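The values are calculated or read from the model by the stated rules, or taken from the named source; none is laboratory data. Please read all numbers here as calculations on a predicted model, not as lab measurements. Cβ sites come from the backbone with ideal geometry, for glycine too, and all protein chains shown count toward neighbours. What goes into the accessible areas is simple: the full protein's heavy atoms, side chains included, and nothing from ligands, DNA or RNA. Shrake-Rupley method; radii C 1.70, N 1.55, O 1.52, S 1.80 Å.
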Amino acid sequence: MASAGTSVGGVTVLPESFTLVDYDAGAIAEVAARLWEKIGLPAELPLRIEVDETTPLGRAYVLAVKPAVELAVESGAFEHLHQPRQFDPERTADVLGRLLFRLHDRLDPAFGDPPPDTELPLPASTAWDVYAIGRLSRLGFVVQRPRRHYQFRVRHGFSDHVDAIFAQLWEAEGLDWTTLQALSDEAASAA
Amino acid sequence: MRRSFPVEDLARDDRFVRVPMAVRLQDGRQVPREGPGSRRNGGRLTPDRPDSPDAARLLMHGIFMGEVQALEGAGRTCWDFDTTGEPGTADSDTPDVPFQLKLDMARQCWDEARHTEISCKLTAHMGTELGEFAEATFLYEAACNPDPVLRLTGVNRALEGLAIDVFNTMREFGQVSRDPVLEFCEDWMLADEVTHVKMGSDWLRRLTEKDPERRERALEFQRVVDRLFSLGGFRGEDDDSPVRLARRFRELAGFQSEEIDELADVAREARHEAEDQTRQNRAAARAAQPTS
C-alpha cells in the first residue's frame, strides 16, 4: 500500500522516510508550508511534494496544479553542497520558492496565460525565475543573485543591456506574462 | 621545511570544506543513463540543458580547486627532491632530480598561480562564491608520490591531461553560450596545460631512458590515476560523458593515438565500476532499512 506521506498544514511530503539520503519529510514540509503562507498561496489548495531519492540530480517541477498542487523534486535539489546526502533548508527554500512564486503567478488571472512549463522556451523560463527569486529575496529568504544573473546571461547574452533587464526583472513586482516575455525577448535580441 | 607534505595539512580558510572520496563513494543514488530521470542530451555540457549554467559553475569551482592543488603539487616537487650534482644538497632519503626539472616545475608554479587567479575571477564571473562547493583533494594526493618520475607521470600526464579535457569542454561551453570571458580564459589556460602535459611526457622519457622497469611503473601509476580521474565516466568518450577526451589537444601534448584509445577504455571501465558500486550502495541502504 502506498505511503500517505508526512503532512504539515496542507503540505504532504513523500516518501515518509528516506533510505538513500538523510532527509526528514517533516522538515521539508515545514519549509514548504512557511513559503506557501508567505507567498500568499490559497490555504484551501493542498500541496504534495514527491521527492525522488534515487537520483542525485536537482530538477524540480510542477506536475499538476488542480485539484492539488503536485511537485516532483529530485533529491539533489534539497542537498547540502558541503555535506553529501544531507538536507539543506536554505537550498530547499530557494528551489520551492521559485516553483511556488511561479505557481502563484499561474493562479493569478491578472498574470495572463503562460504556456505549460514543458513548453516554455529556456530564456523565458529563466527570466521568470529571476522575477520569482527577486521576490523571494524580498520576503527575507536566502538567495543567490549572482548565480541567477549568470543563468540569465547564459540564456540571453553577455551585455550591459542584458544586465539592465536582469536588474529590472529582479526588482519587479506585479508583472504579467506578456511583459515578462517581452523583456526576455528584448534581452535576447540585445546581446 | 619538511618534505612530502600530507594532504590533511594543506592550508585552507574556513570557506573551504573537504569531502573525502570515501564519503562520495558511499552514495547509493544514480543518474539513469536513459529514460525518465536521465539527463537531457546525455550529460554533455551544452546550453540547451536546463541545468547547464549550474553544471558549468560546479565544474568551474572544481577547476579552481584543482589549480590551487596543482600549484601546491608543483611547488612541492620543487622542494621535495635533491638536485643531481649540486654539492651539499644530497639527502640519502630522497631521489635526485635534474635541476632543469625543478626549473620546469617552478615555471609550472608560475602558470598554476596565474590559473588560480584567472579561475578565481571566472568563478565570480559565473556567480559562484569561493568554497560554495566542497573540495575534493585527490588531485593533490596524486602529487604526493615519493618517486619524482611517478609523481610527474601521475600529475603532468594524467591530471594535466584531465585539465586539457575539462578546459576544452569549458571553452566550447563559452563559445556556444557566447561568453567571451569564459571562452578566452579557458583557451589561454588550455594552451598552458598542453605544455604541462608535454613536460610530463618529456621527463618520463628522459628519466627512464635506461630504466624500462621504472618507466613501466610510472605508466602503471598513470593508468591508476587516469582511472580515478575518469570519475566514474564523467570524463570519457561515450555520447553522454559530460567531459569528452580532447583528442586533438592531447596529440599536441605528445599523446599517441593508442594511448588515447586506451584512456577511453579506462574511462569506460571506470564508469561500469562506478555503476556497480552505486548498485551495491543502494542495496546496502535498502537492507539497512527497518522492515515495517
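For the pair A:Asp22 and A:Thr178, a Förster radius of 51 Å applied to the C-beta separation gives a FRET efficiency near 0.70, rounded to the nearest 0.05.
For segment A:1-49, heavy-atom accessible area (probe 1.4 Å) falls by no less than 50 Å² from the chain alone to the full protein assembly at A:Thr19, A:Leu20.
Near the amide H of B:Asp82, within less than 5 Å, lie the amide hydrogens of B:Val97, all on another chain or at least 5 residues away, with H placed in the peptide plane. Proximity of backbone amide H atoms, modeled 1.01 Å from N, is registered between A:Gly5 and A:Glu16 at under 5 Å, excluding neighbours fewer than 5 places apart on the same chain. About its Cα centre, chain B has a charge dipole of approximately 620 debye under the convention of +1 per Lys or Arg Cβ and -1 per Asp or Glu Cβ, with nothing else charged.
Using the C-alpha gyration tensor of segment A:6-98, what are the square roots of 5 times its eigenvalues, in whole angstrom, with the largest one first?
Equivalent-ellipsoid dimensions as semi-axes: 21, 13, 12 Å.
For labels at A:His161 and B:Leu58 in the simple 7 Å Cα→Cβ model, what's the distance in nm? Result: 3.5 nm between the two label points.
Which of rounded, prolate, oblate describes segment B:99-162, given a ≥ b ≥ c as roots of the alpha-carbon gyration tensor eigenvalues and a/c under 1.5 marking rounded, otherwise prolate only if a/b is larger than b/c? In terms of gyration-tensor shape, oblate. Note on the protein assembly as shown: with charges restricted to the Cβ of Lys and Arg (+1) and Asp and Glu (-1), its dipole about the Cα centre is near 320 debye.
GNM on chain B, alpha-carbon springs under 10 angstrom: the most fluctuating residue among B:Arg24, B:Arg227, B:Arg49 is B:Arg24.
Please state the charge dipole magnitude for segment A:6-98, taken about the Cα centre, from unit charges on C-beta atoms (+1 on K and R, -1 on D and E), reported in debye and rounded to the nearest 20. Walk me through the intermediate numbers first.
Details: 8 positive and 15 negative charges, 61 e Å.
Result for segment A:6-98 is approximately 300 debye, rounded to the nearest 20.
Please say if segment B:204-292 is rounded, prolate or oblate, where rounded means a/c under 1.5 for a ≥ b ≥ c the square roots of the C-alpha gyration tensor eigenvalues, and otherwise the choice is prolate for a/b larger than b/c and oblate otherwise? Taking the square roots of the gyration eigenvalues as a ≥ b ≥ c, segment B:204-292 is oblate. Each other residue within a Cβ distance under 12 Å of A:Trp128 adds +1 if Lys or Arg and -1 if Asp or Glu, for a net charge of +2.
Simple rule: put +1 on each Lys or Arg Cβ and -1 on each Asp or Glu Cβ in segment B:162-292, find the dipole, and look at B:Ala285, B:Val224, B:Phe167; the Cα lying farthest toward the positive end is B:Ala285.
Rounded to the nearest 100 Å², what's the accessible area chains B and A bury against each other, both chains counted, probe 1.4 Å? Present the calculation step by step, with values, prior to reporting the outcome.
Working: alone 15180 and 9630 Å², together 22000 Å².
What B and A bury together is about 2800 Å².
Label separation (B:Ala287 vs A:Gln83): 2.7 nm, computed from points 7 Å beyond Cα along the C-beta direction. Only Cα pairs under 8 Å and 6+ residues apart enter the sum, and on that basis the relative contact order of chain B stands at 22 percent.
Based on the Cβ-Cβ distance from B:Arg3 to B:Val23, what FRET efficiency comes out when R0 is 30 Å, to the nearest 0.05? The partial results should precede the final answer.
On the way: r = 29 Å, r/R0 = 0.96.
After rounding to 0.05, the efficiency reads 0.55.
For A:Glu50 and A:Glu37, compute 0.36 nm times the residue count separating them, minus their Cα-Cα distance, and round to one decimal in nm. Mind dumping the intermediate values first?
Working: separation 13, 0.36 × 13 = 4.68 nm, distance 1.97 nm.
Contour length minus the Cα-Cα distance gives 2.7 nm.
Could you tell me the relative contact order of segment A:109-190? Use alpha-carbon pairs under 8 Å, at least six residues apart, and round to a whole percent.
On the way: 78 pairs, mean separation 36.1, N = 82.
Relative contact order of segment A:109-190: 44 percent.
For the pair segment A:1-51 / segment A:88-102, the C-alpha centres are spaced 13 Å from each other.
Once the partner protein chains are put back, segment A:153-176 shows a loss of at least 50 square angstrom of accessible area, versus the chain by itself, at A:Val154, A:Arg155, A:Phe158 (probe 1.4 Å, ligands and nucleic acids excluded).
In nm, what is the difference between 0.36 nm times the number of residues separating B:Phe99 and B:Glu220 and their Cα-Cα distance? Intermediate values should be presented prior to the final figure.
Working: separation 121, 0.36 × 121 = 43.56 nm, distance 2.56 nm.
41.0 nm is the gain from fully extending B:Phe99 to B:Glu220.
Please compute the contact order of chain A in relative form: average sequence separation of alpha-carbon pairs under 8 Å and at least six residues apart, divided by the residue count, as a percent. Relative contact order, chain A: 15 percent. Taking B:Asn156, B:Asn168, B:Asn281 as the candidate residues, the one with maximal mean-square fluctuation in a Gaussian network model of chain B, Cα springs under 10 Å, is B:Asn281.
With a Cα cut-off of under 22 Å and a minimum spacing of 8 residues unless on different chains, the lysine pairs in the protein assembly as shown number 4. Values of log10 I(q)/I(0) for the protein assembly as shown across q = 0.09 Å⁻¹ run -0.68, by the Debye formula with one identical scatterer at each alpha carbon and no solvent.
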